[in-house]
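The values are calculated or read from the model by the stated rules, or taken from the named source; none is laboratory data. These numbers were taken from a predicted model, which means no experiment stands behind them. Backbone-built Cβ (ideal geometry, glycine too); neighbour counts: all protein chains shown.
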Amino acid sequence: MNKIAANVAIESLNIFRQNLYDTFPWCADAGMDLLDSLSANQTARSVAELSLNEPFKRAYSSVYDAIEHTLTATEVPVECTTADAQQQTQKARVAIISAHLPAPVQRPFWLMGVDTTPNPRPFAATLTDRSIVYPPNPAPGNKPIAVGHSCSTLALLPERSPLDPPWIVPIDCQRVTSEQKATEVAAKQVSALLTDEALPFGRELSVEVADSSYCHVGYLAVTGGFANHVVIVRSANNRVFYDQPAAPTVSAHGHPLWYGQPFKLGHPTTWGPPDAHGVYTDQTKNGRALRIELQRWNGLLMRGTRACPMQHSPFDLVCCQVFDASTGQPLFVHPLWLAVMGARRAELSLEQIYAAYRQRFDIEHFFRFAKQHLLLDAFQTPVVEREENWWLFVCLAYIQLWMAAPLAMMFPNPWERYLPSFGIKTILTPSQVQRDFARIIRLLGTPARAPKRRGISHGRALGMRPPRRQRHPIIFKGNKHLLAA
């Protein structure tokens with residue numbers, strides 16, 4: 001990196017940290033130290049151990065004070081509720097993050113992704129609103145279920161080359177309550193982002209990618225209705241869609257025809273000729289040549305519900321098949337089906353649709369890194385609000401690493417010097433940036449003030465015994481019943 005680019009990256013990171021520090025209403029100094037300690041963490045395996053890291057200059061009790069108060073709106077106007085005040089505070093933080101997002105150059109749209117990750121808390125009997133969540137379980141024969149919470153994350157997916165690491169920018173993280181569905185929370189997150197007039201995502205063309213659980217009429221009816229927004233969701237390979245109906249005949253009786261001939265994804269005889277077809281070549285990181293065949297059908301319909309009618313919401317369907325270029329054999333048993341919904345969906349080419357959905361998997365890398373290196377699921381607390389604040393801390397720490405990536409130097413482990421990618425990457429991975437973040441902070445400094453001695457606390461009054469915490473049952477959504485913990 002040349003000197004001019006380094007100075008720009010340093011100034012951008014300093015502005016971001018100062019603006020973020022100014023939004024902290026309480027315990028701002030401890031909160032900034034906690035963010036730096038988390039971003040530079042190499043040894044801590046619990047949240048309390050973060051107080052032992054070099055960037056954290058306070059006692060371990062300040063860790064919990066920062067989690068409880070730093071991201072919480074303390075002054076609530078009379079005309080607003082606490083939830084509204086929290087939303088306004090989060091909106092201000094999103095504006096600060098969005099100011100440092102690079103505008104798209106290689107593609108004519110902003111790309112965002114949404115997904116949900118579990119936070120199992122099977123032994124937290126005093127934690128409220130625990131329900132069944134679905135974590136990955138590699139053990140054969142075991143159901144992939146656990147007891148705890150789950151959080152829905154909305155992230156911006158910046159442009160990158162195939163050799164760049166899968167960085168994302170998580171801008172919002174909300175808990176999915178037992179009374180909500182993940183698609184309902186995600187729809188609110190996307191709607192809040194697109195309706196914010198201070199951000200460019202609602203004014204310019206934006207594309208959202210999501211997995212098959214979001215190919216739901218309740219979700220697509222909300223997110224697919226924005227004028228400048230296109231939704232790309234994966235569809236299960238056993239779904240049935242419909243062609244546009246033929247011209248209705250004039251009749252005084254009977255219901256008008258809303259759907260035409262069925263389009264069954266599992267039966268190729270019902271597909272009909274595609275409206276567009278393309279063949280592209282690609283290769284894996286190991287150099288394996290691939291041939292990608294894409295087909296597109298325009299103007300299909302999916303059955304809606306009384307609350308979410310879909311007969312006037314057509315979408316395009318894209319079939320993606322990947323073959324080995326040398327042998328011609330398909331790499332996957334079933335093709336990848338993508339539903340593309342939005343008023344400006346025709347502006348996206350087949351290759352752009354496929355490449356956009358391919359980048360959706362970057363959010364999975366974020367979940368893995370956040371849990372392994374940023375302690376996303378390691379905070380053991382009986383208070384739901386503190387758990388939600390901790391998730392936001394993790395997202396902010398990851399964004400700090402993303403902004404510090406151009407300034408980081410590579411300090412490989414001994415066994416990493418022999419990897420094929422050693423010395424090739426121009427942008428470091430999140431793990432490599434985290435190793436060097438403590439050095440970066442020492443050079444840049446911190447807006448947090450130095451701690452002051454407060455004396456020794458008096459502690460609890462003699463003879464005081466706090467009451468035992470109430471134990472809460474496990475909530476099962478499907479059967480609407482409770483199981484005592």
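Is the range 295-305 home to any residue that is farther than 19 Å from Val240 by Cβ, of a type outside the set (S, T, N, Q) and either at pLDDT 90 or above or more than 26 Å from the chain's Cα centre (by Cα) (or both)?
Checked against the condition, which is being farther than 19 Å from Val240 by Cβ, of a type outside the set (S, T, N, Q) and either at pLDDT 90 or above or more than 26 Å from the chain's Cα centre (by Cα) (or both), the range 295-305 yields no hits at all.
Report yes if some residue within the range 427-444 is modelled with pLDDT under 90, surrounded by 11 or more Cβ atoms within 10 Å (Cβ to Cβ) and touching a Phe, Trp or Tyr at 6+ places or on another chain (Cβ under 7 Å); otherwise report no.
Looking through the range 427-444, none of the residues is modelled with pLDDT under 90, surrounded by 11 or more Cβ atoms within 10 Å (Cβ to Cβ) and touching a Phe, Trp or Tyr at 6+ places or on another chain (Cβ under 7 Å).
Checking Ser235 against (1) at pLDDT 95 or above; (2) in contact with a Lys or Arg (Cβ under 9 Å, 6 or more places away or on another chain); (3) within 15 Å of Trp337 (Cβ to Cβ): exactly one of these is not met. Which one?
(2)
Is the range 108-127 home to any residue that is among the aliphatic types (A, V, I, L, M), within 22 Å of Leu376 (Cβ to Cβ) and free of Cβ contacts under 8 Å to residues at least 40 places away in the same chain?
Within the range 108-127, none of the residues are among the aliphatic types (A, V, I, L, M), within 22 Å of Leu376 (Cβ to Cβ) and free of Cβ contacts under 8 Å to residues at least 40 places away in the same chain.
Output the residues belonging to the range 336-349 that are more than 21 Å from Ala236 (Cβ to Cβ) and either in contact with a Lys or Arg (Cβ under 6 Å, 6 or more places away or on another chain) or surrounded by 18 or more Cβ atoms within 10 Å (Cβ to Cβ) (or both).
The initial filter retains those residues of the range 336-349 that are more than 21 Å from Ala236 (Cβ to Cβ), namely 343-344, 346-349.
The answer is Leu348, and nothing else.
Scan the range 194-230 for residues that are under 15 Å from the mean Cα position of the chain (by Cα) and surrounded by 23 or more Cβ atoms within 10 Å (Cβ to Cβ) and report the count.
The total comes to 5.
Does His216 fit the bill of being touching a residue at least 12 places away in the same chain (Cβ under 8 Å) and in contact with a helix residue (DSSP H, G or I) (Cβ under 6 Å, 6 or more places away or on another chain)?
Details: touching a residue at least 12 places away in the same chain (Cβ under 8 Å): yes; in contact with a helix residue (DSSP H, G or I) (Cβ under 6 Å, 6 or more places away or on another chain): yes.
Yes.
In the range 192-214, how many are out of contact with any Phe, Trp or Tyr (no Cβ under 6 Å at 6 or more places or on another chain), hydroxyl-bearing (Ser, Thr, Tyr) and within 12 Å of Asn228 (Cα to Cα)?
Total satisfying the criteria: 1.
Kindly evaluate Pro467 against the criterion of being farther than 30 Å from Lys57 by Cβ and touching a Lys or Arg at 6+ places or on another chain (Cβ under 9 Å).
Values: farther than 30 Å from Lys57 by Cβ: yes; touching a Lys or Arg at 6+ places or on another chain (Cβ under 9 Å): no.
No; evaluated as a whole, the condition is false for this residue.
Considering Gln352, Gln321, Gln311, which residue is in a helix (DSSP H, G or I), of a type outside the set (D, E, K, R) and more than 30 Å from Ala40 (Cβ to Cβ)?
So the residue among Gln352, Gln321, Gln311 that is in a helix (DSSP H, G or I), of a type outside the set (D, E, K, R) and more than 30 Å from Ala40 (Cβ to Cβ) is Gln352.
Go through (1) in contact with a helix residue (DSSP H, G or I) (Cβ under 8 Å, 6 or more places away or on another chain); (2) farther than 21 Å from Pro136 by Cα for Glu388 and report which single condition fails.
For Glu388, the exception is condition (1).
With a cut-off of at least 1 residues that are at pLDDT 90 or above and in contact with a Gly (Cβ under 7 Å, 6 or more places away or on another chain), name the strands (runs of 3 or more DSSP E) lying wholly within the range 73-184.
110-120, 131-133, 146-156
Would you call Thr177 touching a His at 6+ places or on another chain (Cβ under 9 Å), surrounded by fewer than 23 Cβ atoms within 10 Å (Cβ to Cβ) and over 18 Å from Arg358 (Cβ atoms)?
Here the answer is yes, as Thr177 does meet what is asked.
If the requirement is being in a loop (DSSP other than H, G, I, E, B) and farther than 19 Å from Ala6 by Cβ, which of these qualifies: Arg453, Arg417?
On the way: Arg417 fails: in a loop (DSSP other than H, G, I, E, B).
It is Arg453.
Per-residue answers, yes or no, for (1) out of contact with any strand residue (DSSP E or B) (no Cβ under 9 Å at 6 or more places or on another chain); (2) more than 30 Å from Gly225 (Cβ to Cβ); (3) outside any helix (DSSP H, G or I):
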position	(1), (2), (3)
Ala339	no, no, yes
His365	yes, yes, no
Arg368	yes, yes, no
Gln380	yes, yes, yes
Glu387	no, yes, no
Phe393	yes, yes, no
Ala397	yes, yes, no
Trp402	no, yes, no
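State all residues of the range 5-63 that are surrounded by fewer than 21 Cβ atoms within 10 Å (Cβ to Cβ) and charged (D, E, K, R); if no residue qualifies, say none.
Selection gives Glu11, Asp22, Arg45, Glu49, Glu54, Lys57, Arg58.
Could you check Gly202 against (1) part of a loop (DSSP other than H, G, I, E, B); (2) out of contact with any helix residue (DSSP H, G or I) (no Cβ under 9 Å at 6 or more places or on another chain) and say which number it fails?
Going through the list (1) part of a loop (DSSP other than H, G, I, E, B); (2) out of contact with any helix residue (DSSP H, G or I) (no Cβ under 9 Å at 6 or more places or on another chain), Gly202 breaks only (2).
Among residues belonging to the range 111-165 that are of a type in the set (Asp, Glu) and within 21 Å of the chain's Cα centre (by Cα), point out the one that is nearest to Ile475 (Cα to Cα).
Across the range 111-165, the extreme among qualifying residues is Asp115.
Quick one: Gln372 ticks every box in (1) outside any loop (DSSP other than H, G, I, E, B); (2) of a type in the set (S, T, N, Q); (3) more than 23 Å from Leu157 (Cα to Cα) except a single one, so which number is it?
Here Gln372 clears every test but (3).
Test Val333 against the criterion of being among the β-branched types (Val, Ile, Thr), assigned to a loop (DSSP other than H, G, I, E, B) and closer than 16 Å to Asn238 by Cα, and give yes or no. Working first, answer last.
Details: among the β-branched types (Val, Ile, Thr): yes; assigned to a loop (DSSP other than H, G, I, E, B): yes; closer than 16 Å to Asn238 by Cα: yes.
When the stated conditions are applied, Val333 passes them.
Conditions first: (1) under 30 Å from Asn286 (Cα atoms); (2) surrounded by 21 or more Cβ atoms within 10 Å (Cβ to Cβ); (3) free of Cβ contacts under 8 Å to residues at least 40 places away in the same chain. Ser161 passes all but one, so which condition is the exception?
The one condition Ser161 does not meet is (2).
From (1) closer than 17 Å to Val433 by Cα; (2) at pLDDT 95 or above, pick out the condition that doesn't hold for Glu49.
Answer for Glu49: the failing condition is (1).
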